[in-house]
Amino acid sequence: MLSDYLKKHNASEGLSNILLLLASLFPKVAETLRTGSEGYVGGQNVFGEKQLKLDVYTNDIFANALKANKYVSVIASEELSGEEKGLDVENGYAVAFDPLDGSSLVDVNLAVGSIFGFYRGNSFIGQKGKDQVAAMVVIYGPRLTMMLSVGQGVSEFCYDPQKKDFFLSRDNLRLDETKKMFAPGNLKACDSEKWY
């Protein structure tokens, strides 16, 4: 189970608390994706993209829970206009997230996800990718899965609705060193767009 994994990997009390809180919200988001409306709300996010109702809804779920968590000092999301302070927490965590990556795919019934990055401190200013203490990607597909790193490799978890918990399904995931990753959608761009 997820809590056992976090203990085994010596995740701090604060980081464990935040990760377990978020994990408890993922089934609710998955259910909302199955039944919710994907219409537009009329606004735009910070990147100028039209906001779907599901974007705003999932952002509110995560943002409200994180701002109320005693270990979170600051949050940032592409659905917010700037970083938002949580509690005034000494030695807290800064949490950056995309609440619903790929939300425009919901209406064609493709998998979407949530992406999180966790940093020590009360600001994102000066933080680099290598400063992350944990990273997490959640995929809302036929199965509810979570990829998690707490600085000791990447592990995959699957959600068990009977036990209402995530269980470790694969540990220490790595890319095959003889392969190179390339998104198939970019192949045409390489041929047709010389600048690309």
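General observations
- 3J(HN,Hα) along segment 10-18, derived from phi through the Karplus expression 6.51 cos²θ - 1.76 cosθ + 1.60 where θ = phi - 60°, amounts to 6, 5, 4, 4, x, 5, 4, 4, 5 Hz, with x in place of Gly and Pro.
- Taking Lys and Arg as +1 and Asp and Glu as -1, the other residues whose beta-carbon sits under 9 Å from that of Ile115 total -2.
- Flagged links, alpha-carbon separation over 27 Å, of Lys28/Lys128; Lys53/Lys128; Lys8/Lys70: Lys28/Lys128; Lys53/Lys128
- Once you divide the Cα radius of gyration of segment 139-179 by 2.2 N^0.38 Å, the number left is 1.31.
- The modelled label-to-label distance between Gln162 and Ser24, using points 7 Å beyond Cα along the C-beta direction, is 2.4 nm.
Just so you know, all these numbers are worked out from the coordinates, no wet-lab data involved. These numbers come from a predicted model, not from an experiment. For neighbour counting, all protein chains shown are included, and Cβ atoms are generated from backbone atoms with ideal geometry for every residue, glycine included.
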